[in-house]
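Novice: Below you'll find the structure I mean.
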Amino acid sequence: MAALKAYKQVPKEIWVLSLGNLLINVSAIISFSFTPFFLIAVFGVSRLNFGIIEGIVEGTSWVIRIVSGALSDIFRRRKILILIGYTLLTLSRPLFVFASSVLWVFSGRMIDRIANGLQAPPREALTADYAPPNIRGLCFGIRQACGWIGSVIGAFVGIIAMKLTGDNYRLVFLISAIPAILAVLIVALFVKDSFHAHNQEGKLSFEHQFHIFELKKLPQSYWILTAVSSIYMLARFSESFITLRAESLGLEKAYIPIVIAIINLASAFAAYPAGFFSDKIDRRLFVGLGLFMVIVSDIILALSSSVTGVLIGSLTWGLQVGLTQSLFVTMVADRAPKNLRGTAFGIYFLMSGLSMFAASAIAGWCSHYVGHHAPFYCGFIFSCLAAFGLFFVSSSRKGSKQSKT
């Protein structure tokens, strides 16, 4: 009954953002699932070089987020940045379709990830702007769950497309542009900026204008949280290494998206209840459970000797992502003042991006020189360090008071 009451309080803007996120993830996962095999099978890229490529493009994506977040605070406009990001992602697809060299694919991945970086902080800030404080965790959980549901749909569409096209990578990449186009249309037509939502005169609804010196208003609890999240992200290398692990143990390439589907389905399953209950219980408990799950998944994936083991490891990996990812951003929203939300998310994503770059580069080196199991041992170590760091993170209830200022 309480869940239904909270569900009815979710603003319609959250649902529109969630639908756009769902569609963009359908497109992203179709492309993401087959890119490593396209590079390795068609262009002969080594796993080491693939890890470096993934580290560069993913790191760039997360670095660009600080620019995007700050711009959304400076100009007080979130929608335009989301729209530019979705449009760029759509325009990156032809580079995969007509790729004649690794540079084309690298450029496509780079544009795709820059687009992702542009839209992420304003999207999260807009979600925080519209989310009522008493159901903030639920709103982020819904938005995140819809994104993961889109990833599951994308994975199965990818499997069907590969089967129907006879493993035609280029045609599959072309198909991935369709949901991205729909996402652009939804954002353009139905998403509204929040700054005028509660101001009858049409003026900026926030009292303070952004200034660089206002960064000192970000509380210490925010910086500690960001540091712990960055350590955790050192264990969150690209999920392509899980698919490569599955392929090395005998999973056919056409069925690789099943791994991505399991991860995202488990994430979607965990995100909604974690968001709902985190509005009532200390969010740190769920983050701690998520860190425990990533430790378990690293052990399973490192020791697995069969595809079944990798699938089980993928399930636990997905559960930990669902428990941690939406709650980390919710905890950022709890701690960030309204007029610095975009910047706060940008800095958070920048630090996460630097960690992700390092994580993918380390995973690529380990996979190439040690074996496909090796990246997961490194992930285990960093997860344990992040779990220790969580003891220094203050309660979200304290942070939420700061976010109202």
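Novice: Taking square-rooted eigenvalues a ≥ b ≥ c of the alpha carbon gyration tensor, is segment 330-377 rounded, prolate or oblate, where a/c under 1.5 means rounded and, failing that, a/b exceeding b/c means prolate?
Specialist: Values: a/c = 7.79, a/b = 3.47, b/c = 2.25.
Prolate.
Novice: Tilt of helix 307-335 relative to the longest C-alpha principal axis of the chain, in degrees (0 to 90, nearest 10)?
Specialist: Here the helix axis deviates by roughly 20 degrees.
Novice: Can you tell me the alpha carbon radius of gyration of segment 348-399 divided by the globular rule-of-thumb value 2.2 N^0.38 Å?
Specialist: Numbers: Rg = 14.3 Å, N = 52, 2.2 N^0.38 = 9.9 Å.
So the Cα radius of gyration is 1.45 times the expected 2.2 N^0.38 Å.
Novice: Sorted from largest to smallest, which semi-axis lengths in Å does the alpha carbon gyration tensor of segment 256-338 give for its equivalent ellipsoid, taking the root of 5 times each eigenvalue? Before the final figure, lay out each step's value.
Specialist: Working: eigenvalues 145, 31, 19 Å².
Three semi-axes, in Å: 27, 12, 10.
Novice: Something else: Of Thr330, Thr87, Thr308, which has the largest mean-square fluctuation in a 10 Å C-alpha GNM of the chain?
Specialist: Comparing Thr330, Thr87, Thr308 in the GNM, the peak value goes to Thr308.
Novice: Also: Rounding to the nearest 20 debye, state how big the charge dipole of the chain is about its Cα centre with +1 on each Lys and Arg Cβ and -1 on each Asp and Glu Cβ. Could the numbers behind the result be given before it?
Specialist: Numbers: 34 positive and 19 negative charges, 207 e Å.
Roughly 1000 debye for the chain.
Novice: What percent does the relative contact order of the chain come to when contacts are Cα pairs within less than 8 Å and at least six residues apart? If you can, show how the numbers build up before the last one.
Specialist: Numbers: 748 pairs, mean separation 114.8, N = 405.
Worked out over the chain, it gives 28 percent.
Novice: Also, quick follow-up: Is there a pair in Lys8/Lys280; Lys79/Lys338; Lys12/Lys217; Lys8/Lys217; Lys8/Lys192; Lys192/Lys338 whose C-alpha atoms are over 23 Å apart, and which pairs would that be? List each step's numbers first, then the result.
Specialist: Numbers: Lys8/Lys280 17 Å; Lys79/Lys338 17 Å; Lys12/Lys217 31 Å; Lys8/Lys217 34 Å; Lys8/Lys192 20 Å; Lys192/Lys338 17 Å.
Check vs 23 Å cut-off fails for Lys12/Lys217; Lys8/Lys217.
Novice: In addition: From the residues Gly309, Gly353, Gly250, which one has its Cα farthest along the dipole of the chain in the positive direction, the dipole being from +1 and -1 charges on Cβ of Lys/Arg and Asp/Glu about the Cα centre?
Specialist: It is Gly353, whose Cα lies furthest towards the positive end.
Novice: Can I ask one more? Semi-axes of segment 129-172's equivalent ellipsoid from the Cα gyration tensor, sqrt of 5 times each eigenvalue, largest first, rounded to whole Å? Walk me through the numbers on the way to the answer.
Specialist: Details: eigenvalues 261, 13, 4 Å².
Semi-axes from the Cα gyration tensor: 36, 8, 4 Å.
Novice: What is the helix-to-structure angle for 283-303, meaning the angle in degrees between its Cα long axis and the longest Cα principal axis of the chain, kept from 0 to 90 and rounded to the nearest 10?
Specialist: 10
Novice: Okay, moving on. Would you mind telling me which residue in Tyr232, Tyr130, Tyr348 has the biggest mean-square fluctuation in a Gaussian network model of the chain, where springs connect alpha carbons within a distance under 10 angstrom?
Specialist: Tyr130
Novice: With a ≥ b ≥ c taken as the square roots of the eigenvalues of the C-alpha gyration tensor of the chain, please select rounded if a/c is under 1.5 and otherwise prolate if a/b is larger than b/c or oblate if it is not? Kindly include the intermediate steps, with their values, before the conclusion.
Specialist: Working: a/c = 1.69, a/b = 1.35, b/c = 1.25.
Here the chain falls in the prolate category.
Novice: Nothing charged except the Cβ atoms of Lys and Arg (+1) and of Asp and Glu (-1): what's the magnitude of the dipole of segment 233-379 about its Cα centre? Round to the nearest 20 debye. Mind showing how you got there, number by number?
Specialist: Numbers: 9 positive and 7 negative charges, 83 e Å.
With only Lys, Arg, Asp and Glu charged at Cβ, the dipole is about 400 debye.
Novice: Under a Cβ-Cβ cut-off of 11 Å, what is the net charge of the residues other than Ala246 that fall near it, where Lys and Arg count +1 and Asp and Glu count -1? Mind dumping the intermediate values first?
Specialist: Values: positive: Arg245, Lys253; negative: Glu239, Glu247, Glu252.
Here the charged neighbours net out to -1.
Novice: Just Ile300, Ile159, Ile281 to compare: in a GNM of the chain, with alpha carbon springs under 10 Å, which one fluctuates most?
Specialist: Ile281
Novice: Follow-up question, since we're still on this one. Return the Rg/Rh ratio of segment 293-343 with Cα-based radii and a Kirkwood Rh. Display every interim value, and only then the final one.
Specialist: Working: Rg = 16.0 Å, Rh = 12.6 Å.
The Rg/Rh ratio comes out at 1.27.
Novice: In Å³ and rounded to a whole number, note down the convex hull volume per residue for the Cα atoms of segment 16-111.
Specialist: Spelled out: Cα convex hull of segment 16-111, divided by residues, is 94 Å³.
Each reported figure results from applying straightforward, stated rules to the coordinates on display, with no laboratory input. All of these numbers come straight from a predicted model, not from anything done at the bench. Cβ coordinates were reconstructed from backbone atoms using ideal geometry, including for glycine residues, and neighbour counts include every protein chain displayed.
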